[in-house]
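Some notes on the structure that comes next.
The values are calculated or read from the model by the stated rules, or taken from the named source; none is laboratory data. Since we're looking at a predicted model, the values are computed, not measured. Note: ideal-geometry Cβ built from the backbone for every residue, glycine included; neighbour counts use all protein chains shown.
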Amino acid sequence: MTEFSGKLAVITGGASGIGRALGARFARAGARIALLDVEERALAAAVAALRAGGADVCGVVCDVTKLESVQAAEREVVARHGPVHLLFNNAGVGAHEDVPIWELPLSDWRWVFAVNVFGVVHGIKAFVPGMLAHGEPGHVVNTSSGNGGLIVVPTTPSYSASKAAVSMITETLHLQLLMNSAKLQAHVLYPGPHIVASNIFDAKRNRPAEFARETAQVAPPVTLDVLKQFAASQGRAFEATTPEEVAEHTHQGLVRGDYYILPTTPESEARLRDRYDGVLEKKNPPLVM
């Protein structure tokens, strides 16, 4: 599918960041938009802003950690707007991982995996059967990350592991759709090429009580400002990618039919080559910060 006019796009984590930018970009391409998010006030604001720009958009409050919530959202969206053609499993969080992996609270693992991994699984389970049943071409885009999906940042174990899982889930989906001669195409999104300036750094604002941290934080939170300061201390320039740039890369990737939606820089390509050459050569992973 390269023409999105009149098609219905469902976007989880749609109230802010990459999700909201995806809604705006595909609305400009003529798609009808359903934003799903757990943050009700932010969702209402995002819907209002997109409508003010002329988008055909609705918002559905949805907790992707709960299959029944995602299934209820699917029923509501389809009943109101008809068949879904584009599914963006985009909702994601990052815990403030301030201690070594052997000290990391289990609640951090459970929260991050509940959103980043099971959110994708629940989206696939709730929406893909209907997308297959209506028989029209479509796309399923799962948001992974270069961190974990491709390389490892050693200070973010639960996040890296969750995004590695998303990469493998998406590749399995891609292959099984091919095995079944489906008209759906799966894609894995690696936002970039630089760190994305979004409010995922403040994800704790939506952390539910059931995943409350068992131990207190021992270090201040990592923010974009902290990362800028760290880069400066290392004599490196700090660059960020906007959510709007990610949305544009995604649109271009779907038009081209790319499985890997992976904007890169010469530096990131070199690092990827080094990593996978190291795997083939059975080299021990080097420490790269």
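Quick test for you: out of Gly235, Gly257, pick the one residue that is at positive phi, touching a residue at least 60 places away in the same chain (Cβ under 8 Å) and of a type outside the set (A, V, I, L, M, F, W, C). Before the answer, list the steps.
On the way: Gly235 fails: touching a residue at least 60 places away in the same chain (Cβ under 8 Å).
So the residue among Gly235, Gly257 that is at positive phi, touching a residue at least 60 places away in the same chain (Cβ under 8 Å) and of a type outside the set (A, V, I, L, M, F, W, C) is Gly257.
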Subject >> Filter result (without any contact (Cβ under 8 Å) to a residue 24 or more places away in the chain and either surrounded by fewer than 16 Cβ atoms within 10 Å (Cβ to Cβ) or touching a Phe, Trp or Tyr at 6+ places or on another chain (Cβ under 6 Å) (or both)) within region 50-73 >> reply: Arg51, Ala52, Glu68
**OP:** Could you tell me which residue of region 63-98 is nearest to the chain's Cα centre (by Cα), considering only residues that are part of a loop (DSSP other than H, G, I, E, B), modelled with pLDDT of 95 or more and of a type in the set (A, V, I, L, M)?
**Re:** Ala91
Original post:
Which condition number in (1) over 27 Å from Arg110 (Cα atoms); (2) out of contact with any His (no Cβ under 9 Å at 6 or more places or on another chain); (3) free of Cβ contacts under 8 Å to residues at least 60 places away in the same chain is the one that His251 fails?
Top reply: (3)
**OP:** Report, by residue number, each residue of region 158-195 that is surrounded by fewer than 21 Cβ atoms within 10 Å (Cβ to Cβ), in a helix (DSSP H, G or I) and among the hydrophobic types (A, V, I, L, M, F, W, C).
**Re:** Ala161, Ala164, Ala165, Met168, Ile169, Leu175, Leu177, Leu178, Met179
Original post:
Can you tell me which residues in region 128-157 are within 15 Å of the chain's Cα centre (by Cα) and more than 26 Å from Val78 (Cβ to Cβ)?
Top reply: Ser144, Ser145, Gly146, Asn147, Gly148, Gly149, Leu150
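For every residue, the table says whether it meets (1) touching a Lys or Arg at 6+ places or on another chain (Cβ under 8 Å); (2) among the small types (Gly, Ala, Ser).
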residue: Pro105; (1), (2): yes, no
residue: Trp109; (1), (2): no, no
residue: Ala114; (1), (2): no, yes
residue: Val120; (1), (2): no, no
residue: Asn142; (1), (2): no, no
residue: Ser145; (1), (2): yes, yes
residue: Leu177; (1), (2): no, no
residue: Ser181; (1), (2): no, yes
residue: Gln185; (1), (2): no, no
Original post:
Are there any pairs, at least 6 apart or on different chains, whose C-beta atoms fall under 7 Å, with the first in region 27-43 and closer than 21 Å to Gly82 by Cα and touching a residue at least 60 places away in the same chain (Cβ under 8 Å) and the second in a loop (DSSP other than H, G, I, E, B) and of a type in the set (A, V, I, L, M, F, W, C), and if so, which?
Top reply: Ala29/Phe4
Original post:
For region 210-223, does any single residue satisfy the condition of being on the phi > 0 side of the Ramachandran plot and not charged (D, E, K, R)?
Top reply: no
**OP:** Considering only region 11-50, state which residues are under 17 Å from the mean Cα position of the chain (by Cα), charged (D, E, K, R) and in a strand (DSSP E or B).
**Re:** Asp37
Original post:
Gly30 is checked against (1) in contact with a Gly (Cβ under 8 Å, 6 or more places away or on another chain); (2) surrounded by fewer than 17 Cβ atoms within 10 Å (Cβ to Cβ); (3) over 14 Å from Ala9 (Cα atoms) and fails just one. What number does that condition carry?
Top reply: (3)
